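Encoded as structure tokens, the structure appears first; notes follow it.
The values are calculated or read from the model by the stated rules, or taken from the named source; none is laboratory data. Keep in mind that this is a model prediction, so the values were computed, not measured. Cβ: placed from backbone, ideal geometry, glycine included. Neighbour counts: every protein chain shown.
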Amino acid sequence: MSLYIIDDHPLVRQAIAMLLRRMRPAAKVVELEKFSELQAAIIKNGDPELFVLDLLLPGVKGTSAVREVKTMYGEVPLVVISSMPAGEAEETCIEAGADLYLEKSTPAPEISSAIQGLFAAEGGDEETVVVGETKLSKRQKQLIVMLDRGLSNRDIAAELDISEHTVKVHLWRLFRRLDVKSRTQTLHFARQHGLL
């Protein structure tokens, strides 16, 4: 399994690569300058376990790279690390399929913890609840109950002893699994399907 970083700034690319190598010493970390190099790199270096990409890549318009990667590798976590402030950019990236949006100004330990949270959200939770065609993990069922209690991301993080970034990752995955866009829609779905 390989971890792919696509960023046209060598310093940023190397810093992220260092973080990932520390996190996943056994994984192969592949650094790319251009999005157009990705397919050839995957053929050469093997299946992806993670994508980390800059939002402002040369020759790439908006979130088209995010959409393209998610179309081909829907189950592989994708992190956008950008110099653009979160806000609208974060929302657009998440809608395009990104699992996580981080600003380049985010401290390294926080980036590390957010990506670790992504890996944790990937594995682990056995599928337990089946609602029609939808399978939910124990953690996702637990999140629905916490949303119903009106807890904020910070409250959920404190209660589960995980970072707020990890909570966001879990929520995005839950929204995607249920094909909803908000907490309100999640709770509506949960009530309609007897999850609450």
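Residue-wise test of (1) exposed (fewer than 13 other Cβ atoms within 10 Å of the Cβ); (2) closer than 18 Å to His165 by Cβ.
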position: Leu20; (1), (2): no, yes
position: Pro25; (1), (2): yes, no
position: Ala41; (1), (2): no, no
position: Phe51; (1), (2): no, yes
position: Gly62; (1), (2): no, no
position: Arg67; (1), (2): no, no
position: Gly74; (1), (2): yes, no
position: Pro77; (1), (2): no, yes
position: Met84; (1), (2): no, yes
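Do we have any residue at all in segment 161-172 that's assigned to a loop (DSSP other than H, G, I, E, B), out of contact with any Lys or Arg (no Cβ under 8 Å at 6 or more places or on another chain) and either of a type in the set (Val, Ile, Thr) or at pLDDT below 80 (or both)? Before the answer, list the steps.
First, the residues of segment 161-172 that are assigned to a loop (DSSP other than H, G, I, E, B): 161-163.
Of the ones still in play, those that are also out of contact with any Lys or Arg (no Cβ under 8 Å at 6 or more places or on another chain) are 161-163.
Restricting the remaining residues to those that are either of a type in the set (Val, Ile, Thr) or at pLDDT below 80 (or both) gives 162-163.
Yes, segment 161-172 contains a residue that is assigned to a loop (DSSP other than H, G, I, E, B), out of contact with any Lys or Arg (no Cβ under 8 Å at 6 or more places or on another chain) and either of a type in the set (Val, Ile, Thr) or at pLDDT below 80 (or both).
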Problem - Every pair of residues 6+ apart whose Cβ atoms lie under 8 Å, when the first sits in segment 139-162 and is over 22 Å from Gly194 (Cβ atoms) while the second is assigned to a loop (DSSP other than H, G, I, E, B) - result: Ala157/Ser163; Glu159/Leu151
